[in-house]
Amino acid sequence: MKTSLTQLLTLPRDRKRWLMIGADLLLLPAALWGAYVMRFAETLPAPMAEVWWLFPATAVIGVLIFSRLGLYRTVVRFMGTRAIWSVAAGVSLLALLIFSVAGLVQTAIPRAVPVSFAVIAFVSVGGVRFLVRAAYHWLLGRGASIAEPVIVYGAGAAGAHLATSLRVAGRFQPVAFVDEDPTLHGSLIDGIEIYDPARIPELLELFPVRRILLAIPSASRGSRRRILTQLEAFPIHVQTVPNTEELLTGSASLAQLRDVDIGDLLSRDPVPPIPDLMSRSLRGRVIMVSGAGGSIGSALCRVAVAEGVRTLVLYDHHEFALYAIERELRSVAESRGLSCQLIPIVGSVCNAQRVRAVMRRFGVQTVFHSAAYKHVPMVEQNILEGIRNNVFGTQIFAEAAAECGVERFVLISTDKAVRPTSVMGATKRLAELVLQDLAARSGPTIFAMVRFGNVLASSGSVIPVFHEQIGRGGPVTVTHPNITRYFMTVTEASQLVVQAGAMATGGEVFVLDMGEPVRIVDLARRMIRLHGLRVQDDQNQGGDIRIEFSGLRPGEKLYEELLIGENATGTAHPKIMRAEEEALGAERVQEIL
């Protein structure tokens, strides 16, 4: 039986459609006969002989009506409410036609017959389709031995849709929902029960589950952090669906499972941007972003396009990175109907002639200078190139901005510039001093710096490295047991940079509130646990993943700082501070350069 059903359900789409048409050609006249039987309580009522032609006519006209209503275009295994309404509308229209025909040809058709026909036809035509749908899902259930059982966290619309998608795909078999809403506990979604999250330990004993899927795309970061902290205690791999913004923009689909965003564990709920500060910097303006293909630069470009810039000049020496971000932004602008001119420019920040020509040609009003070599070990091994790019590239870009009449120039700096112990940090600190010097003597152009720490999932972040190491079975490498870092999401960082630039009056060093520093070893442990694995250490020799300490790299600090001194004042934004720091004189800066 199972083999026959499998063969039937795997037929080509056209053959399945003709099978459904054939079934309806039999079911519709059978429903009309059933209506007569119910009315006269006889197997072959005599009045049927007078309207024998009505039976084939009902079948043919019914199939034509169902076809016009799109019933034969419906994929039966996905059939839902819309298909039910199509069946109801079709059989109702047929019943009305039977009434009309009776009046036109003066044929005595009892009034109860069309009503009974509509009910029987609805049950039989719709029922056959739901039986096929049930058979399909039964076959999936019989194949559950090869499908991995999972728990879906979230019994809302996203959870229900995810469970349906998973069952159809056949790779995962949802065995339970969990949801914090007590009114849902004990209810069923497509035959799957909804449980209280407190019963997860019981569910893990009841089902051989190794994975839990979060289907809460609209939950706040605080709620997600609380849920993930609870799930860390269980030996299960936690994955999630994309967030609401990704679903609405079409950049991801609900069925795209991914490892949990570690940012949900590290950072607080971001403060919503202040609309006036965002629009003041971007809306209707000509913006230039250096390092546009990098993690920070590309995030700034996304924010700029979303805020309605008139022209966005993307400047980068990496051709493919520039191509990728330009293509992404163009797709976003087209999908949202935004009239933003995108200008991708391949060039080096050290090419003064090229930089000046671009700024003049497009009438650049604001520059966000994010181009820099940021990897501490790489700059440590390439000192002269790091200085040339990070220091002299910033000087060339900033002087070109002043010469071309750019209104604002914002340097993306780093916490490593504070009392630097690495070449990279020293180059960024010197870049800050160059800008402070220019701010004091360059006229109308407003120069400002924005200093912040690590950005989650950026090219220099430890997060992708940890994911890769866990994926291949470890070990996970951490430089030192006590090393700590600040973390912030790339979207929040880019929005705060834009808002800080809008508040600049000249020469300021803005510092972003990064929250509390995080011990990297604690971060590694949490990521291992959220992959459903155990840390292997002296207390747990049977663990899955070992953490190894490789020692501090040259130039690396245990703790990062955001302020050189102790003086910082607030601004119009609660997460942006203005640092009060001394600058070097112009002669001293030139001497160092």
Using θ = phi - 60° and the Karplus form 6.51 cos²θ - 1.76 cosθ + 1.60, what ³J(HN,Hα) does each residue of the range 326-336 get, whole Hz, x for Gly and Pro? 5, 5, 4, 5, 5, 5, 5, 4, 5, 5, 9
Computed over the Cα atoms of the range 268-411, what is the convex hull's projected area averaged over all directions, in nm²? 9.4 nm²
Please list, in order along the range 523-533, the HN-Hα scalar couplings obtained from phi with the Karplus expression 6.51 cos²θ - 1.76 cosθ + 1.60 (θ = phi - 60°), rounded to whole Hz, x for Gly and Pro. 4, 4, 4, 5, 5, 4, 5, 6, 8, x, 10
Between residue 185 and residues 5 or more places away or on another chain, which pairs have amide H atoms under 5 Å apart, with H built 1.01 Å from N, and which residues are they? none
Amide H proximity to residue 453 below 5 Å, modelled H, separation 5+ or other chain, gives 415
Sequence of 318, 369, 185 once ranked by neighbouring C-beta atoms within 10 Å, starting from the fewest: 318, 185, 369
Going by how many other beta carbons lie within 10 Å of each one, how would you line up 549, 177, fewest first? 549, 177
Anchor residue 575: aspartates and glutamates whose Cα lies under 15 Å away (excluding residues fewer than 8 positions away in-chain): 269, 492, 513, 516
In whole Hz, what ³J(HN,Hα) sequence does the range 288-300 give by Karplus (6.51, -1.76, 1.60; θ = phi - 60°), x for Gly and Pro? 10, 10, 8, x, 5, x, x, 5, 6, x, 5, 5, 4
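To the nearest 20 debye, what is the magnitude of the charge dipole of the range 315-401 about its Cα centre, counting +1 on the Cβ of each Lys and Arg and -1 on the Cβ of each Asp and Glu?
300 debye
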Near the amide H of residue 536, under 5 Å away, which other amide H atoms are found, from residues 5 or more places off or on another chain, if H is placed in the peptide plane? 544, 545, 546, 547
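Readers should treat all values here as calculations from the given coordinates under stated rules, not as data from a laboratory. These numbers were taken from a predicted model, which means no experiment stands behind them. Note that we place each Cβ from the backbone using ideal geometry, even for glycine, and neighbour counts take in every protein chain shown.
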